[in-house]
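Every number here is computed from the coordinates shown, using simple stated rules; none is lab data. Note that the structure is predicted; figures quoted are calculated from it, not measured. Because the Cβ atoms are built from the backbone with ideal geometry, glycine has one as well, and the counts that use them run over all protein chains shown.
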Amino acid sequence: MADKKIRKQSNIKHGTIELVLLLLLQQGQKYGYQLSQELEEYSNGDYELKEATMYPTLYRLTQNGYLNCEQVQVGVRRTRVYYEITEEGRVYLDKLREEYSVITGAISNIMKHTD
Amino acid sequence: MDNNTAISKYIRKAKRIYHGDRKTKQRFIDDLQDALLCFSETHPGCTYADLTTSFGSPDEIREAFLKDSSKELKKRNLLIYRIVILCSVLIAIAVLAFTVHLAIEQYHYSQGYFIKTIYDYEKTDSSEETEPIESFHFD
């Protein structure tokens, strides 16, 4: 349990937050809670992303022009923000994917040689 | 404690702890409120402890925001630092130039060289170059 907890808060995961969020958003417009639920579901609970970490990342991606956001009124005094990937965001996602492949490949090779 | 009370408490604490940009804060509170309400719809009867387990404590929120904004803050501080340095250099150059000018003038004055220039203000035609009409030279 403790190992799992460490894994959930690891630095490696922190470097992939942008990648996983953009991967989910390339499927279509989504809101924050939906993103965190899908992350948990698709990773079988191994990739847990707390709102405190997810929202600053979403705001940064929006600020950099990789995401568009739309506010929708869903109830009395309740606003929901939908995030959508932009063309720039897709280019950035491709770059992140490539970086991820290179890094994971390199680490696998290192592991093979050192195990 | 019913759902709404727990959500209100969580939002209140998050608001109190996070002191960032007002626009970002409002947006985050809206996002967070929606997420908490979504959670309470799927988890009826959830308590404040349930919310902190699922969403993290309000302290974690502050830390996450601070960590994220620290890069921006560093950039801004660097920019301010550069502007201050530039202004200081410009002021130093201006002071130095003025001092040098004053020293030269004082030197000339001490050598008995003094030029008094009187312009002819009676002239109204500005197309003509104004020439000093009187010049004194003490040697």
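For the reader, a short list of remarks on this structure follows.
- Flag for A:Arg77 being farther than 17 Å from A:Gly15 by Cβ and within 11 Å of another protein chain (Cβ to nearest Cβ): yes
Residues checked against (1) free of Cβ contacts under 8 Å to residues at least 40 places away in the same chain; (2) within 12 Å of chain B (Cβ to nearest Cβ):
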{"position": "A:Ile12", "(1), (2)": "yes, no"}
{"position": "A:Glu18", "(1), (2)": "no, yes"}
{"position": "A:Leu22", "(1), (2)": "no, no"}
{"position": "A:Gln27", "(1), (2)": "yes, no"}
{"position": "A:Ser36", "(1), (2)": "yes, yes"}
{"position": "A:Thr57", "(1), (2)": "no, yes"}
{"position": "A:Asn64", "(1), (2)": "yes, yes"}
{"position": "A:Arg97", "(1), (2)": "no, no"}
{"position": "A:Ser108", "(1), (2)": "yes, no"}
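- Residue list for segment B:33-66, filter: surrounded by 18 or more Cβ atoms within 10 Å (Cβ to Cβ) and more than 9 Å from chain A (Cβ to nearest Cβ): B:Ser40, B:Cys46, B:Leu51
- Leading residue by the ranking (surrounded by the fewest Cβ atoms within 10 Å (Cβ to Cβ)) among those in segment A:31-59 that are out of contact with any Phe, Trp or Tyr (no Cβ under 9 Å at 6 or more places or on another chain) and among the charged types (D, E, K, R): A:Glu41
- Evaluation of A:Tyr83 against the conditions (1) surrounded by 19 or more Cβ atoms within 10 Å (Cβ to Cβ); (2) part of a helix (DSSP H, G or I); (3) of a type outside the set (S, T, N, Q) shows that the sole unmet condition is (2).
- Among residues of segment A:40-55 being in a helix (DSSP H, G or I) and within 13 Å of chain B (Cβ to nearest Cβ), the one that is nearest to B:Arg62 (Cα to Cα) is A:Ala52.
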